[in-house]
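K.L.:
One structure follows; several queries about it will come next.
The values are calculated or read from the model by the stated rules, or taken from the named source; none is laboratory data. This structure is a prediction, so every number in the text was calculated from the model and none was measured. Neighbour counts are summed over all protein chains in view; Cβ atoms, including those assigned to glycine, are modelled from backbone coordinates with ideal geometry. Side chains are part of the model used for accessible areas, which takes the heavy atoms of the whole protein and leaves out ligands, DNA and RNA. Shrake-Rupley method; radii C 1.70, N 1.55, O 1.52, S 1.80 Å.
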Amino acid sequence: YLSSNFRDFNIIIRPHPDEDPSFYEIATRDVNNIKVCYGGGVNPWILGSKLVIQNKCTTSLEAFIAKIPLISFEPFPTDKTDEIILDKIGKMF
């Protein structure tokens, strides 16, 4: 949806270090405006962003502190109390 409706934007998927990036590379291989990048620290990616979409990740705190617009996407909601602060920042979807 995002890549089709925002064709003028580059969309970067940065997998969690514990994830296998090949899943994202295969799933997006035919989409020109999506790139899978996973090297180096996360701060340059956040600071170079117009928007960060995250799912219960500490990158949300870093984006919030850097005043980068933030969307918290939670496709499978949980009631974990240790993640409650991440639900309080950004726009929740």
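K.L.:
Would you pick out the residues in region 15-60 that are assigned to a strand (DSSP E or B) and among the polar types (S, T, N, Q)?
P.N.:
Of everything in region 15-60, just one residue is assigned to a strand (DSSP E or B) and among the polar types (S, T, N, Q), namely Gln54.
K.L.:
Next up: Among the residues of region 5-35, count how many are of a type outside the set (D, E, K, R) and closer than 16 Å to Cys57 by Cβ.
P.N.:
7
K.L.:
Give all pairs with beta carbons closer than 6 Å in which a residue from region 35-47 that is under 17 Å from Phe64 (Cβ atoms) meets a residue that is in a helix (DSSP H, G or I); count only pairs at least 6 apart in sequence or on separate chains.
P.N.:
From residues that are under 17 Å from Phe64 (Cβ atoms), the pairs are Val42/Thr59; Ile46/Glu62; Ile46/Ala63.
K.L.:
Surrounded by 15 or more Cβ atoms within 10 Å (Cβ to Cβ), over 17 Å from Ser60 (Cβ atoms) and in contact with a helix residue (DSSP H, G or I) (Cβ under 6 Å, 6 or more places away or on another chain) - does that describe any residue in region 36-46?
P.N.:
Within region 36-46, one or more residues are surrounded by 15 or more Cβ atoms within 10 Å (Cβ to Cβ), over 17 Å from Ser60 (Cβ atoms) and in contact with a helix residue (DSSP H, G or I) (Cβ under 6 Å, 6 or more places away or on another chain).
K.L.:
Give the residues of region 25-35 that are farther than 19 Å from Phe6 by Cα and open to solvent by 80 Å² or more (accessible area, probe 1.4 Å), sorted by residue number.
P.N.:
The answer is Ile26, and nothing else.
K.L.:
Tell me which residues, restricted to region 7-24, are open to solvent by less than 90 Å² (accessible area, probe 1.4 Å) and more than 15 Å from the chain's Cα centre (by Cα).
P.N.:
Ser22
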